[in-house]
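Notes to accompany the following structure.
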């Protein structure tokens, strides 16, 4: 391990990190990825404050029951179940967890060490909360520098709380933005989320991208016949089928009302039409059960390749024109040219 640094050197390191953070937040370049860089700087700040060898900041995805590193020094992104490891314990118990003998701790996961050859000697994990006191993530530091005494639960927790507090504020803002891009009924990303992804991800992809726009045929009749609660159940039912029939690299959005958009990565127009046909059959052959009522619906589809030179509106317009043709041709159809 490195020698323990002086108080003057630590203060200088902290000022340097904070200056980097300030400059990064003011930067207008690569703004779409700035928030990830900010979390990396936060991790570096926490590591410096407690004189640790490594640090990681974890976001708690409660919807998926996963813990995901938004920043981690010395390793790539890690995704684990929210019920495992010392991070999971810290979140479940809502308290700081310290161990200076991790290999004999029942909740320590040694898989990363086994893969990389890294030796973990001490760990400190702190839960991170939002302004309402709800736990939303965790800050973890590994291996105390400057000796073998390990982390001090009182002193090091006090120091790390500075970085954890700032991270909590930043993560809360990040989660608020993510929530604003998600439809509450279907839990799919919404139109705002689609526009954001198009601007940040899809126009910069070097692989072919395709789009499907689809809607539920005669959806108004479902609401008129069975009521709006039944209509909501059908929307959730269809959203589940759409997500289950695409790859993890693809994205599904609720465009509005009974309309949905699917973006397929690395898919030709022929591939996209085949995917749309598979979804069409799945929806047609499925049953949505609502209060002892079995409801069947069909969907119509319009497919197009994404042209990165065109605006989001113009790309959608091409697919939407083909959806219109599918509906004019009798519905329950896929049109791709």
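Here, each number is a calculation from the coordinates, and none is a lab measurement. The structure presented is a predicted model; accordingly, all values stated were derived computationally and were not measured. Cβ sites come from the backbone with ideal geometry, for glycine too, and all protein chains shown count toward neighbours.
Most mobile of 56, 311, 210 per a Gaussian network model of the chain (Cα springs, under 10 Å)? It is 311.
For residue 331 and residue 79, the FRET efficiency from 1/(1 + (r/R0)^6), where r spans their Cβ atoms and R0 equals 45 Å, is about 0.65. Neighbour counting of Cβ atoms within 10 Å sorts the residues 121, 114, fewest neighbours leading, into 114, 121. Averaging the sequence gap over all C-alpha pairs within less than 8 Å and six or more residues apart, then dividing by the number of residues, gives the range 191-335 a relative contact order of 31 percent.
For the peptides 82-94, 297-309, the ranking by packing is 297-309, 82-94, with the highest mean count of neighbouring Cβ atoms within 10 Å listed first.
Distance between the pseudo-spin-label points of residue 293 and residue 321 (7 Å out from Cα toward the beta carbon): 3.9 nm.
Each of [x] 15; [y] 20; [z] 32 is a candidate for percent of Cα pairs over 39 Å apart; the one calculated from this structure is [z]. Summary of the geometry: the range 206-241 and the range 286-320, compared by the centres of their Cα atoms, lie 8 Å apart.
Relative to the dominant Cα principal axis of the chain, helix 228-244 is inclined by about 70°.
Counting 0.36 nm for each residue step from residue 178 to residue 18 and taking away their Cα separation leaves a gain of 55.0 nm.
So what is log10(I(q)/I(0)) for the range 7-180 at q = 0.19 1/Å, when the Debye sum runs over its Cα atoms only? For the range 7-180 at q = 0.19 Å⁻¹, log10 I(q)/I(0) is -1.33.
The base-10 log of I(q)/I(0) for the range 191-335, evaluated at q = 0.13, 0.14, 0.21 Å⁻¹, reads -0.54, -0.63, -1.30 [Debye formula, identical scatterers on Cα atoms, solvent excluded].
Among 236, 54, 247, the residue with the largest mean-square fluctuation in a Gaussian network model of the chain, with springs joining Cα atoms closer than 10 Å, is 247. In the chain, the longest principal axis of the Cα atoms and the axis of helix 312-328 are about 30 degrees apart. With respect to the chain, whose longest principal axis is taken over its alpha-carbon atoms, helix 191-200 is tilted by about 60°. Exposure proxy shown here: for 58, 255, the number of other Cβ atoms within 10 Å sets the order, fewest to most, as 255, 58. Per residue, the average separation of C-alpha pairs within less than 8 Å and at least 6 apart gives the chain a relative contact order of 13 percent. The stretch between residue 162 and residue 281 holds 37.4 nm of extra length on full extension. This uses 0.36 nm per residue minus the Cα-Cα distance. Diffusion coefficient (Stokes-Einstein, Kirkwood radius over C-alpha pairs, 20 °C, 1.002 mPa s) for the range 43-123: 160 µm²/s, rounded to a whole number. In the Gaussian network model of the chain, springs joining C-alpha atoms below 10 Å, which of 318, 212, 261 carries the largest mean-square fluctuation? The residue with the greatest mean-square fluctuation here is 318.
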